[in-house]
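Read the structure below first, then the notes.
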Amino acid sequence: MFKRILLAVDGSEHSIRATEYSIELANKFDGTVDVVYVVDGDTVKKDVLQTSTPFEMEKYRKEKVKPIRSRLNESNVIFGTHFLQGEPGQTIVNFANDREFDCVVIGSRGLNELQTLFLGSVSHKVVKRANCPVLIVK
């Protein structure tokens, strides 16, 4: 049922909790997990200004997903990691739909409905546009 799981992360505590759910799904359905970390344009600009080389920028991004990768390694679930650039919500949706994942697992920041209405939320965009089930983890 959920053989191909997309885990969208941003390095937050919510992402780590979402990792646990993706591991449970992968174990239950003998599935694999693809981790995606999306960097938006503003973050790319900041990263370029704060780091002196592309190597340092890549190292910084890998540090953001290090706890997630460590947990997946411990679980023995087969996984891959993808670093993408773009608007996070749409980039995750495009990645999920283009590769026909069975499920997307994503953390929620816990914004209330009013904040979500004004700010938008990556998880909200993914739920609305993904062609597969989406599990939002609080």
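Residues in the stretch 1-19 that are more than 14 Å from Phe29 (Cβ to Cβ) and of a type in the set (D, E, K, R): Asp10, Glu13, Arg17. Considered as a group, the residues in the stretch 11-32 that are surrounded by 20 or more Cβ atoms within 10 Å (Cβ to Cβ) and touching a Gly at 6+ places or on another chain (Cβ under 8 Å) include one that is farthest from Ile68 (Cα to Cα), and that residue is Leu25.
Only residues that are β-branched (Val, Ile, Thr), assigned to a strand (DSSP E or B) and modelled with pLDDT of 95 or more were counted across the stretch 10-57, and they come to 4.
A quick yes/no check of all residues on (1) at pLDDT 95 or above; (2) more than 14 Å from the chain's Cα centre (by Cα); (3) part of a loop (DSSP other than H, G, I, E, B):
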{"position": "Glu63", "(1), (2), (3)": "no, yes, no"}
{"position": "Glu74", "(1), (2), (3)": "yes, yes, no"}
{"position": "Val77", "(1), (2), (3)": "yes, yes, yes"}
{"position": "His82", "(1), (2), (3)": "yes, no, no"}
{"position": "Val104", "(1), (2), (3)": "yes, no, no"}
{"position": "Arg109", "(1), (2), (3)": "no, no, yes"}
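Per this entry, Ile92 is counted among residues that are surrounded by 13 or more Cβ atoms within 10 Å (Cβ to Cβ), assigned to a helix (DSSP H, G or I), at pLDDT 90 or above and touching a strand residue (DSSP E or B) at 6+ places or on another chain (Cβ under 6 Å).
The values are calculated or read from the model by the stated rules, or taken from the named source; none is laboratory data. Given the structure is predicted, the values throughout are model-derived calculations rather than measurements. All Cβ positions, glycine included, derive from the backbone under ideal geometry; neighbour counts span all protein chains shown.
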